[in-house]
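Undergrad: Sharing a structure, written as structure tokens. Questions coming.
Read-outs throughout are calculated quantities, based only on the coordinates presented, and are distinct from any laboratory measurement. Since we're looking at a predicted model, the values are computed, not measured. Note that each Cβ is placed from the backbone with ideal geometry, even for glycine, and that neighbours are counted across all protein chains shown.
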Amino acid sequence: MKVTMLTINSKVYLVAITLLTVSFLSAAAQTPITVSTDKTSYADGDTIIISGAVTTQLNIPISIVIRDGSQNMVYIAQTNPNSDGTYSTQAVAGGSTWKTLGTYEVDVTYGGSDKTAKTTFTYTLRSSQPSSASNQTNSTIPAVPEFGSLAAPIFSIAILASIISYAKARPVFKI
């Protein structure tokens with residue numbers, strides 16, 4: 001007896017899986033939130049302008065946290081995105097919580113751990129030459145270890161590849 005694995009319905013399912021995978025990949029390629037600062041270095045008393053954009057309006061505030069090199073929180077705030085998805089807020093460098101010099105990290109979160117971005121800047125005692133270049137180290141922090149938001153599309157592609165290779169082999173079972 002010969003068993004053929006792919007019927008018309010199976011082919012329809014393969015097309016559906018392919019389309020679903022493509023939609024997952026395009027959704028995963030979008031960065032849900034970005035963040036940048038107006039300078040790469042700040043001194044005690046300088047104003048830090050933090051700005052960015054969100055891809056989807058969730059009608060909740062954006063959480064902003066600044067941490068020192070030891071991951072101690074030195075600043076925390078919330079702001080709402082504008083109707084066009086952009087946001088901007090200001091913080092003042094320095095104060096009693098800003099105890100160490102060096103690299104500080106700005107973390108923004110919008111609705112969950114999968115909608116997070118970060119950037120860094122340097123904190124110094126006195127103003128060096130001001131930098132007007134925007135700090136463009138926007139990156140999304142994955143919510144899940146390993147592949148993060150790409151886990152579902154990778155899994156779908158692996159299943160699809162298995163089905164296609166099995167169908168091309170056209171195994172014959174004898175009972």
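Undergrad: Using the per-residue mean of other Cβ atoms lying within 10 Å as a proxy for protection, in what order, highest first, do the peptides 109-117, 53-61 fall?
TA: Top to bottom by mean Cβ count within 10 Å: 109-117, 53-61.
Undergrad: Cut-off 19 Å, label point 7 angstrom out along Cα-to-Cβ of T89: give me the residues of region 44-68 whose amide nitrogen falls inside.
TA: Flagged as within label range: 45-68.
Undergrad: Note down the magnitude of the dipole of region 36-137 about its Cα centre, charges +1 on Lys and Arg C-beta and -1 on Asp and Glu C-beta and zero elsewhere, to the nearest 20 debye.
TA: So the dipole magnitude of region 36-137 works out to roughly 120 debye.
Undergrad: Taking R0 as 35 Å, what FRET efficiency do you get between N80 and A161 from their Cβ-Cβ distance, rounded to the nearest 0.05?
TA: The value I calculate is 0.20.
Undergrad: Of G94, I76, T37, which is farthest along the charge dipole of region 36-137 in the positive direction, counting Lys and Arg as +1 and Asp and Glu as -1 at C-beta?
TA: Going by the Cα projections, it comes out as G94.
Undergrad: For region 36-137, report the % of Cα-Cα distances exceeding 23 Å.
TA: Above the 23 Å cut-off, region 36-137 has 23 percent of its Cα pairs.
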